[in-house]
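Read through the structure below, which is laid out as structure tokens, and then see the notes.
The values are calculated or read from the model by the stated rules, or taken from the named source; none is laboratory data. Since the model is a prediction, treat every value here as computed from it, not as a measurement. Every residue, glycine among them, receives a Cβ derived from its backbone with ideal geometry; neighbour counts consider all protein chains shown. Remember, those area values only see protein heavy atoms, side chains included, never the ligands or the DNA or RNA. Shrake-Rupley method; radii C 1.70, N 1.55, O 1.52, S 1.80 Å.
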Amino acid sequence: MNVLVINSGSSSLKYHLYNMEKEEVLAKGRVERIGMDSSILTHEVDHEPEMREVSEILDHTTAIKKVLDMLTHRQYGVLTNINDIQAVGHRVVHGGESFSESVLIDQSVKLEIRKLFDLAPLHNPAHMMGIMAVEINLPDVPQAVVFDTAFHQTMPPKSYLYAIPTVLYRKHKIRRYGFHGTSYDYVSKRTAEFLERPMNKLKLIICHIGNGASCAAILEGKSYDTSMGMTPLEGLMMGTRSGDLDPAIVPYTINKEDLTLNEVNSMLNKHSGLLAVSGISSDMREIVEAMNDGNEAAKLAFEMYAYRIRKYIGAYVAAMDGVDAIVFTAGVGENSAQLRKEVCQGLTFFGVELDEERNEVRSSEPRRITTKGSKLSVLVVPTNEELLIARDTYQLVLNQPAAVESISNE
Ligand code: ADP
């Protein structure tokens with residue numbers, strides 16, 4: 001079965017086409033600048049040079065059409081016919097309390113996702129545009145949705161409730177939801193395989209450190225707590241997001257700087273984090289480069305960033321009364337040996353002994369970066385959110401009765 005995985009943003013759309021029998025990526029790419037002039041489609045097939053096409057793509061329906069044209073292109077395509085796509089899986093950021101697992105799309109699911117627009121105004125409407133665009137272009141193909149929040153629905157109330165009047169939870173569902181759930185799901189399973197231990201016996205702390213960054217305490221295979229909250233703003237310091245701060249700073253800043261709520265919201269989401277403290281960049285590569293060249297502001301930004309990760313690790317060791325492994329994943333977590341070293345230097349109390357050579361090794365496979373004698377293991381486990389979306393979609397489609405019939409008749 002071929003599964004097309006779609007991650008649809010407001011002006012961009014990423015795609016991965018998987019053959020599920022081999023769990024192999026047949027092609028991948030992205031459409032950028034949807035709705036603007038000079039939209040760009042970038043398409044990549046293994047071992048072939050990347051292909052770029054500039055054209056006018058005014059909406060998501062046209063973007064999906066262009067992707068399907070490319071996938072079936074005589075020269076650059078990998079399929080002979082669009083009927084060779086048997087299912088489509090979408091990433092959806094917010095599933096609220098309605099979804100604790102991935103589901104096939106029907107009218108009621110679409111309605112629920114629409115109801116959640118308020119909770120994720122930047123993301124869910126854009127995902128819905130992707131879903132509708134696929135529906136128009138591939139009306140007979142089943143579609144599934146995989147939610148970033150679903151994995152965290154196992155958190156107990158003491159983790160997910162805020163200490164504010166409970167009427168706000170009852171009326172408006174104001175609570176911690178957590179994000180990066182697809183990544184935590186994938187990485188926790190991969191970690192258990194690597195450690196050759198059953199998941200339901202493990203206490204893991206996973207640090208998903210990318211442009212957006214969060215940590216999660218995974219107790220016996222289930223999310224027990226996580227640093228992001230009702231929105232992806234809470235928790236760790238990020239590229240452009242502030243992470244945790246005293247909520248009183250919001251009204252105080254509004255008064256002192258004569259700002260609107262929207263301006264403060266934009267400041268905390270887009271003009272804070274590494275970018276604000278360093279004054280240089282939100283990209284960890286540039287921060288590390290500047291720091292190594294002696295830039296003091298970059299050094300401070302780097303230290304704050306690592307220190308906050310370390311504080312969350314400490315909190316989650318206490319929350320779970322222990323930990324079997326600490327895991328780094330995502331863009332920064334997988335690639336920045338210097339960041340991992342800075343975090344681990346403060347974890348000696350827990351028995352972490354970093355192996356500097358192992359920490360410098362680059363690999364797409366899971367690996368241990370602590371010494372053989374280290375009491376606590378620290379691992380790097382590359383994430384693969386697209387593969388998990390493809391797997392969930394594949395399983396959902398296989399398990400729907402009508403599909404079993406049609407596939408077995410092929
Ligand atoms: P997203 O949250 O957009 O999915 P990713 O997980 O892809 O983000 O992470 C992207 C980030 O990874 C980049 O902003 C960059 O800071 C960081 N990154 C990638 N490679 C390196 C590297 N070699 N060293 C430090 N940071 C890196």
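In segment 155-166, the residues that are free of Cβ contacts under 8 Å to residues at least 12 places away in the same chain form Cβ pairs under 8 Å with partners that are open to solvent by less than 70 Å² (accessible area, probe 1.4 Å), at six or more places apart or across chains, as follows: 164/174. Against the test of being outside any strand (DSSP E or B), crowded, with 19+ Cβ neighbours inside 10 Å, away from the ligand (no atom under 16 Å from the Cβ) and of a type in the set (D, E, K, R), the options 176, 190 yield a single qualifying residue, 176. When residue 202 is tested against (1) over 11 Å from residue 381 (Cβ atoms); (2) of a type in the set (A, V, I, L, M, F, W, C); (3) within 16 Å of the ligand (Cβ to nearest atom), only condition (3) is not met.
Considering segment 336-356 alone, what residues qualify as being within 22 Å of residue 291 (Cβ to Cβ) and more than 16 Å from the ligand (Cβ to nearest atom)? Correct list: 345, 346, 347, 354, 356. Pairs meeting the criteria (first residue in segment 322-337 and farther than 16 Å from residue 286 by Cβ, second residue small (Gly, Ala, Ser), beta carbons under 7 Å, at least 6 apart or on different chains) are 325/377; 329/183; 330/183; 330/210.
Can you find, within segment 208-227, the residue that is farthest from the ligand (Cβ to nearest atom) among those that are open to solvent by less than 50 Å² (accessible area, probe 1.4 Å), farther than 21 Å from residue 163 by Cα and part of a loop (DSSP other than H, G, I, E, B)? Per the stated criteria, the residue is 221.
The residues on offer are 363, 336, and the sole one that is in contact with a helix residue (DSSP H, G or I) (Cβ under 9 Å, 6 or more places away or on another chain), within 11 Å of residue 380 (Cα to Cα) and hydroxyl-bearing (Ser, Thr, Tyr) is 336.
In segment 249-331, counting only helices (runs of 4 or more DSSP H) that sit wholly within it, the ones holding 1 or more residues that are within 22 Å of the chain's Cα centre (by Cα) and within 16 Å of the ligand (Cβ to nearest atom) span 261-270, 273-278, 284-292, 296-320.
Specify which of the listed residues (355, 321, 392) is open to solvent by 50 Å² or more (accessible area, probe 1.4 Å) and of a type outside the set (S, T, N, Q).
Exactly one residue qualifies, and that residue is 321.
Residues of segment 74-95 include none that is aromatic (Phe, Trp, Tyr) and either under 22 Å from residue 58 (Cα atoms) or surrounded by fewer than 17 Cβ atoms within 10 Å (Cβ to Cβ) (or both). Exactly one residue out of 238, 230 is within 16 Å of the ligand (Cβ to nearest atom) and either within 15 Å of the chain's Cα centre (by Cα) or buried (at least 18 other Cβ atoms within 10 Å of the Cβ) (or both): that is 238.
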